Amino acid sequence: MQKRDILSLNLEELTEAVTALGQPKYRAGQIYRWLHVKKVSDFSEMLDLPAVLRAQLDVEFCLKRLFIARRLESCMDNTVKYLYRLSDGQHVETVLMSYQHGWRLCISTQVGCKMGCQFCASTIAGYVRNLTPAEMLLQIDETERDAGVTISGIVLMGIGEPLDNYENVIRFLELLSDPKGRQMSLRHVTLSTCGIVPKIRELADSVTGLTLAVSLHNPTDAGRNAIMPVNRRYPLSELMEACRYYFSVTGRRVTYEYAVMQGENDSEADAKALADLLKGQQVHVNLIPVNSVKERSYHATRKAAQAFMQRLERHGVHATVRRTLGSDIEAACGQLRHEADRKRE
Ligand code: SAH
């Protein structure tokens, strides 16, 4: 029998499992606090439980850990990038960044990715599997332990497409924000998607406070089809409708991510098309000079991104050029995992 992953259970499921072991209900609350408030990494640390129960938990459940396979510290800013090895030997990346209000963590949601965006390193070696809710939480816990910091903001912008691992991501958000546990307001959490339309709508109906970021990267269907296969399934008109729906239900302004690729998506016509596309929405556009990936030819300077920002501003679209953190340590999506896989081969 496979042991159940205890960190992925919500309090209700944990209570059911603990009472099934013949234990009183309140024990579940104790265990839940050890897992989600004290964030222990072993059953033996649950000091107010009888030894017999701790042993029983060890038989019935698993409490996994992540191992640091590589740790890269930027010498330009406080960014730290972790390559974590999961219990089955797969790798994911997690990036710790400092920002004005504290520490923010960029976490992965899948091993690899199916989405096939042309400019992204995460997709080159394909998709392996979904991360469990526990593996998403553990990226936070292990990083806090290693770096000795408290993380106050999370972005789901690492490897993987969060809305392609919908159930586990929703459970992760539930556990992260549970008032009886980790208590992080979802106002401090951003989920980034390449645009899986039905799941954006489902998300709007299911969570409150969460910021939605949509990776746009091109303002026309023809241009977007060429670099993001997801657009052939969910074209821009449907995507924009879903974003308007997200705003109308949640009251949260959608953020658009736009990786500037020189000569590909930064012309005057692109700026005008982007302004037309977003007309009527209260939006913010985050521009980022595309990170060059060895296998791909896209490139952009910071200056090019700033020039595109000015074009957008002239069309009345509010945009900023995002800080590129940790550029000396390959902090862009999926590059480190891809390198590790190549070396293994
Ligand atoms: N799958 C999700 C989240 C992971 S990618 C999504 O698509 O939004 C996080 C962000 O990094 C996305 O906006 C993605 O488009 C962007 N990105 C990926 N590769 C990049 C690169 N080489 N340069 C700049 N941004 C990149």
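Mind jotting down the distance between the C-alpha centroids of segment 178-218 and segment 33-83, whole Å? If we compute the Cα centre of each part, the gap is 25 Å.
Our analysis of segment 4-62 gives Rg over Rh at 0.89, with the two radii drawn from alpha carbon positions and Rh computed by the Kirkwood formula.
Label positions at residue 12 and residue 182, each projected 7 Å from the Cα along the C-beta direction, are separated by 1.9 nm. When 199, 303 are compared by accessible area of protein heavy atoms, the largest-first order is 303, 199, using a 1.4 Å probe. Taking 0.36 nm per residue of separation and subtracting the Cα-Cα distance, full extension of the segment from residue 26 to residue 310 would add 96.3 nm. Note on the chain: with charges restricted to the Cβ of Lys and Arg (+1) and Asp and Glu (-1), its dipole about the Cα centre is near 340 debye.
Most simply put, the chain has about 45% antiparallel DSSP beta bridges, counting only bridges with both residues inside it. Take the Kirkwood radius over Cα pairs of segment 146-284, plug it into Stokes-Einstein at 4 °C and 1.567 mPa s, and you get 81 µm²/s for translational diffusion. Using a probe of 1.4 angstrom and keeping all protein chains present, the accessible surface of the chain works out to 44 square angstrom per residue.
Legend: residues 152, 74, 206, sorted from most to least accessible area (1.4 Å probe; ligands, DNA and RNA excluded), read 206, 152, 74. By the rule of a C-alpha distance below 16 Å, with chain neighbours fewer than 8 residues away ignored, the aspartates and glutamates paired with residue 303 are 264, 266, 268, 313.
Using just its DSSP H runs of length 4 or more, each adding -39500 (n - 2.57), the chain gives a mean residue ellipticity at 222 nm of -11000 deg cm²/dmol after division by all residues.
Taking 0.36 nm per residue of separation and subtracting the Cα-Cα distance, full extension of the segment from residue 232 to residue 59 would add 57.5 nm. Taking only the alpha carbons of segment 77-202, we obtain Rg and Dmax values of 14.1, 42 Å in that order. Here each label is just a point 7 Å from Cα along the line to Cβ, and for residue 152 and residue 37 those points are 2.2 nm apart.
What a 1.4 Å probe finds exposed on the chain is 49% carbon and sulfur by accessible area, rounded to a whole percent. D by Stokes-Einstein for segment 13-105, Kirkwood Rh over Cα pairs, 4 °C, 1.567 mPa s: 82 µm²/s. Along each principal axis, taking the top coordinate minus the bottom one, the Cα set of segment 76-344 gives 48, 43, 36 Å in descending order. Based on the Kirkwood approach, the hydrodynamic radius assigned to segment 31-79 is 13.2 Å, with every pair of different Cα atoms included. With a simple spin-label model that places each label point 7 Å from the Cα along the Cα-to-Cβ direction, the separation between residue 45 and residue 3 comes to 1.6 nm. Counting only heavy atoms of the protein chains and using a 1.4 Å probe, residue 62 has close to 30 Å² of accessible surface.
The values are calculated or read from the model by the stated rules, or taken from the named source; none is laboratory data. Fair warning: this is a prediction, and the values are worked out from it, not measured in the lab. Neighbour counts run over all protein chains shown; Cβ positions are idealised from the backbone, glycine included. Accessible surface areas use protein heavy atoms only, side chains included; no ligands, DNA or RNA. Shrake-Rupley method; radii C 1.70, N 1.55, O 1.52, S 1.80 Å.
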